[in-house]
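Below is one structure; the comments refer to it alone.
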């Protein structure tokens, strides 16, 4: 949590951010057809323009504390949920900070990839959508089944009862 706070301060105070000046979202997918400026503190522009977005990094700092205290109180499922939500908030904070950049280039800012010029063709995206619609439910069901099977605490009595099954 402290590192998360320090990273936010560092981005605000010490790192020059990228700002997209021109980009045709409906134009051809070409990373060189845009204008990019490098400005101090620009990575925080989305949070300044939309202060409501600050809820996400704030949750990224509050949820680990809740996870810690709920686990101390023996509420491990709630602690796991809070820890998972912490991960999501940290990742969403990075996504909001970088948007629309996917991969900024410090060597050649014009060569930075954005969400618009780093996509595939429509046919490729449609094929990927069909594959995701088929396999994502399978993966989610398998993951839920795994969590269900692993649910519960392992103590010394459990190890004695299942001495040939757990390893």
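The values are calculated or read from the model by the stated rules, or taken from the named source; none is laboratory data. Fair warning: this is a prediction, and the values are worked out from it, not measured in the lab. With ideal geometry, Cβ positions are generated from the backbone for all residues, glycine too; neighbour counts draw on all protein chains shown.
Residues that are free of Cβ contacts under 8 Å to residues at least 12 places away in the same chain, under 18 Å from residue 17 (Cβ atoms) and within 19 Å of the chain's Cα centre (by Cα) do occur in the range 81-103, at least one of them.
Only one of 101, 92 is in contact with a strand residue (DSSP E or B) (Cβ under 6 Å, 6 or more places away or on another chain), surrounded by 11 or more Cβ atoms within 10 Å (Cβ to Cβ) and within 27 Å of residue 61 (Cα to Cα); which? It would help to see each step written out before you state the result.
Working: 92 fails: in contact with a strand residue (DSSP E or B) (Cβ under 6 Å, 6 or more places away or on another chain).
Exactly one residue qualifies, and that residue is 101.
State whether the residues of the range 147-161 include one that is within 24 Å of the chain's Cα centre (by Cα) and under 30 Å from residue 26 (Cα atoms). Checked against the condition, which is being within 24 Å of the chain's Cα centre (by Cα) and under 30 Å from residue 26 (Cα atoms), the range 147-161 yields no hits at all. One residue alone among 58, 21, 52 is touching a strand residue (DSSP E or B) at 6+ places or on another chain (Cβ under 8 Å) and in the same structural domain as residue 113 (by TED's automatic domain parsing), and that residue is 21.
Condition first: in contact with a strand residue (DSSP E or B) (Cβ under 7 Å, 6 or more places away or on another chain) and surrounded by 10 or more Cβ atoms within 10 Å (Cβ to Cβ). Can you find one or more residues in the range 122-134 that meet it?
Quick first cut of the range 122-134, residues in contact with a strand residue (DSSP E or B) (Cβ under 7 Å, 6 or more places away or on another chain) only: none.
So far as the range 122-134 goes, no, none of its residues is in contact with a strand residue (DSSP E or B) (Cβ under 7 Å, 6 or more places away or on another chain) and surrounded by 10 or more Cβ atoms within 10 Å (Cβ to Cβ).
Of the residues making up the range 104-136, just one is in contact with a helix residue (DSSP H, G or I) (Cβ under 9 Å, 6 or more places away or on another chain) and within 30 Å of residue 64 (Cα to Cα), namely 104.
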